[in-house]
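In what follows, a single structure is set out as structure tokens and then discussed.
Every read-out reported here was derived from the displayed coordinates using simple, explicitly stated rules and does not represent laboratory data. What you are looking at is a predicted structure, and each value in this text was computed from that prediction instead of being measured. All Cβ positions, glycine included, derive from the backbone under ideal geometry; neighbour counts span all protein chains shown.
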Amino acid sequence: MKDCLFCKIAAGEIPSNKLYEDDQILVFHDIDPQAPVHFLVIPKEHIDSAACLTEENAPLIGHVYATIARLAKGLGVDESGYRVVTNVGEDGGQSVKHLHFHVLAKRSLAWPPG
Ligand code: 5GP
Ligand code: ZN
């Protein structure tokens with residue numbers, strides 16, 4: 001999608017600090033980390049937010065979570081724990097309008113979030 005920051009990152013037009021990539025998704029470190037580990041998982045296909053997901057996206061979302069579990073294990077945070085967050089819309093605090101999953105780890109995270 002034109003003028004979408006994460007589409008440009010997915011296309012390699014804007015550089016990112018990549019952790020993992022395949023034909024469906026890209027995983028890269030957040031530019032403004034909120035925890036010692038903070039990476040983002042995005043589909044390469046433009047989807048505005050989780051509010052736009054349908055049953056047809058089930059394989060993609062399964063792939064996202066399976067990849068997060070594998071990466072978390074590789075980073076050694078599978079036992080200490082981590083948080084997966086997708087912000088939706090204005091009240092959800094979504095600033096980039098391309099579906100993304102935050103993965104935060106290596107600190108104790110408060111609940112409820114602010
Ligand atoms: P949101 O607020 O939409 O849930 O999350 C957007 C996230 O994208 C924020 O955590 C922000 O730091 C991150 N971000 C924004 N611009 C860039 C960028 O150009 N590169 C990277 N790696 N992260 C970005
Ligand atoms: Zn996009």
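What is the extension gain from K97 to T54, computed as 0.36 nm multiplied by their sequence separation minus the C-alpha to C-alpha distance, in nm to one decimal?
Stretched fully, the K97-T54 segment lengthens by 13.8 nm.
Taking 25 °C and 0.890 mPa s as the conditions, I'd like the Stokes-Einstein D for the chain in µm²/s, using the Kirkwood hydrodynamic radius from alpha carbon pairs.
Value of D from the Cα-based Kirkwood radius: 168 µm²/s.
Between H29 and E79, what length comes free when the chain is fully extended (0.36 nm per residue of separation minus the Cα-Cα distance, one decimal in nm)?
Taking 0.36 nm per residue and subtracting the Cα distance, the gain is 15.9 nm.
Give the aspartates and glutamates whose C-alpha is closer than 15 Å to that of K2, dropping any in the same chain fewer than 8 places away, or say none.
Qualifying aspartates and glutamates at Cα under 15 Å: E13, E45, D48.
R0 = 22 Å: FRET efficiency of R70 with E13, Cβ-based, nearest 0.05?
After rounding to 0.05, the efficiency reads 0.20.
Given points 7 Å out from each Cα along the Cα-Cβ axis, report the D3 to R107 separation in nanometres with one decimal.
3.5 nm
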